[in-house]
Amino acid sequence: MPVYLLSNDLIFPPPHLASEEGLLAVGGDLSQERLLLAYRMGIFPWYSDNEPILWWSPDPRLVLYPREIHFSKTLKKVIKKGVFQITMDKAFERVIQACAHVHENDDGGTWIVDDMVKAYRRLHLSGFAHSVEAWHDGELVGGLYGVSLGRSFFGESMFSRMSNASSVALVMLVRHLIKKSFDMIDCQVTTTHLKSFGAKEIPRERFLAQLKESLSVPTITGKWSFTHEYET
């Protein structure tokens, strides 16, 4: 399959034209309008320093259905003990910067490049991107961030400086999404860690059909917050 070179026009090729690895297009920009269009089409950016913007739509797609999440008894005990205080949208920029640091490679590069940080900060300020923070003794020790559209949450990255911190943040996010009647969390690419929570690979065609249905309802924008029940 050819890889498409994007112009300044706000358009993407159909996701089914992606390469076997999932690469669909190159170029374009990280404007809010283009990013939101990409997510609505089941496409996301993923590239490194000194590379053009690369746009992906892998097949299969890793998805976590909130009501199907499962996790260990150990993690349940950690949550019950209230080891971490969990907040949402309290420290978005600190979370994305921490995720960028975690994903640095040996030469200091990361796929969460400066332009990506700026782009997702804009999405956060517009009420589309959200963070979940795990705190311990007043210190930020873990968290995650992603984008919300319709009844879908598109997970981007997570980090942990203390055992179980990001895992508790994920569980608390899922509980919040269940309360808000969300359909799914798009995990994008397969990892053993996310599969351990019940995430499963589904064909891209099925993912896109479910995404279309999920986007038929209004997006909950603005800052999100947990009620007390999610903090323990």
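Rule-based calculations on the coordinates, nothing more; no lab input. Since the structure is predicted, the reported quantities are computational estimates derived from the model, not experimental observations. Ideal geometry is used to build each Cβ from the backbone, glycine not excepted, and the neighbour counts take in all protein chains shown.
Structure summary
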quantity	calculated
Mean separation of Cα contacts under 8 Å (6+ apart) over length of the chain, as relative contact order %	25
Percent RCO, i.e. relative contact order, over the stretch 75-182, from Cα pairs under 8 Å lying at least 6 residues apart	27
Amide proton proximity set for Leu215, modelled H, under 5 Å, gap of 5+	Arg151
Ratio of Rg to Rh over the stretch 4-60 (Cα coordinates, Kirkwood Rh, two decimals)	0.92
Net charge contributed by nearby residues that have their C-beta within less than 14 Å of Val3 (K/R +1, D/E -1)	-3
In Hz, Karplus ³J(HN,Hα) per residue of the stretch 58-73 (6.51, -1.76, 1.60; θ = phi - 60°; x = Gly, Pro)	x, 9, x, 10, 8, 10, 10, 8, x, 6, 9, 5, 9, 8, 5, 4
Rounded to whole Hz, the Karplus (6.51, -1.76, 1.60) HN-Hα couplings of the stretch 32-40, x for glycine and proline	4, 4, 5, 4, 5, 4, 4, 4, 5
Nearest-0.05 FRET efficiency for Ser19 and Thr221, computed from C-beta distance (R0 30 Å)	0.35
Ranked list, fewest to most other Cβ atoms within 10 Å of each Cβ, for Ile69, Ile112, Ile178	Ile178, Ile69, Ile112
5 angstrom amide H check on Ser157, placed H, neighbours 5+ away	Tyr145
Fully extended contour minus Cα-Cα distance, from Glu68 to Arg94, at 0.36 nm per residue	6.4 nm
For the chain: rounded, prolate or oblate by the Cα gyration tensor [a/c cutoff 1.5]	prolate
Computed label-point distance, nm, for sites Lys80 and Asp115 using a 7 Å Cα→Cβ extension	4.9
Residues with amide H under 5 Å from that of Val141, placed H, sequence gap 5 or more	Ala134, Trp135, His136
